[in-house]
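Enquirer: Once you've had a glance at the structure underneath, I'll fire off some questions.
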Amino acid sequence: NLVRFTGRFATLLGVIDVALLGDRLFLIRPVEVGPVEEVVELTVVDDHTLLLAGGPGYGSVGESLRFEFADDDSIASVRGESATTWTPIERFILPQHVRVPRED
């Protein structure tokens with residue numbers, strides 16, 4: 001089931017989407033100037049791993065994305081691309097030491 005890998009994930013370095021388009025998975029960086037031009041095709045290795053199989057990939061083609069799933073089968077985290085750990089965006093919390101103070 002390819003849908004189980006899809007979602008939007010964040011780190012301090014940015015945001016990625018794993019999207020199902022037709023019957024293929026792709027890694028997309030939605031905040032890039034030309035996100036469609038930088039799409040990376042993903043292939044399934046096993047129930048927890050995708051391989052960056054094609055596209056520019058910022059030099060990461062051939063690396064894997066390792067998915068950790070929670071007990072309810074939701075994605076807990078994604079490890080990959082130069083040992084970066086991505087968090088589902090709805091659970092991503094910006095650390096206090098990098099927050100910009102708001103002027104009220």
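Where a number appears in this text, it was derived from the coordinates with a stated rule and is not lab data. Please read all numbers here as calculations on a predicted model, not as lab measurements. Positions of Cβ are backbone-derived with ideal geometry, glycine not excepted, and every protein chain shown enters the neighbour counts.
Enquirer: Quick one: if you stick a label point 7 Å off each Cα along the C-beta vector at residue 68 and residue 47, how many nm between them?
Expert: For the pair residue 68/residue 47, the computed spacing is 1.8 nm.
Enquirer: Where the only charges are on Cβ atoms (+1 Lys, Arg; -1 Asp, Glu), what is the dipole of the chain about its Cα centre, to the nearest 20 debye?
Expert: Result for the chain is approximately 200 debye, rounded to the nearest 20.
Enquirer: With springs only between Cα atoms under 10 Å, which of 34, 14, 54 fluctuates most in a Gaussian network model of the chain?
Expert: In this elastic network of the chain, the residue with the biggest mean-square fluctuation among 34, 14, 54 is 34.
Enquirer: Out of (1) 36, 25, 22; (2) 48, 36, 25; (3) 29, 29, 21, which label holds the value of Cα extents along the principal axes in Å that was computed here?
Expert: Here the calculated entry is (2).
Enquirer: Something else now. Residue farthest toward the positive end of the dipole of the chain, with Cβ of Lys/Arg at +1 and Asp/Glu at -1: which of 45, 27, 94?
Expert: The residue sitting most towards the positive pole is 94.
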